Amino acid sequence: MAKQVLVPIANGTEPMEAVITIDVLRRSGADVTVSSVEKSFVLTLATLLRLLRML
């Protein structure tokens, strides 16, 4: 059974830190859930990249 991991991200998160962390965990076989700590459906990362939260 795969380990379950929650990766919370917020406005201002460095994109590479989030993406690399998620990638390494998934490659190691973990079941990764990425979650927003913001109430908005859109996150604005440190480089002004925007992520849309899926329901």
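The numbers here are math on the coordinates, done by the rules we state, and not lab data. These figures come from a predicted structure and were not determined experimentally. Because the Cβ atoms are built from the backbone with ideal geometry, glycine has one as well, and the counts that use them run over all protein chains shown.
How far is it, in nm, from the label point at E38 to the one at M1 when both lie 7 Å from their Cα along the line to the Cβ? It is 3.5 nm. Basic side chains Lys and Arg get +1 at the Cβ, acidic Asp and Glu get -1 at the Cβ, and with that the dipole of region 14-55 about its Cα centre reaches some 140 debye.
Need one number: % antiparallel among DSSP beta bridges in the chain, to the nearest 5. Just about 35 percent of them are antiparallel. Stretching A46 away from R27 to a fully extended chain increases their span by 4.3 nm, per 0.36 nm per residue minus the current alpha-carbon distance. The shape of the chain can be summarised by an equivalent ellipsoid whose semi-axes, obtained from the alpha carbon gyration tensor, come to 21, 13, 7 Å from longest to shortest.
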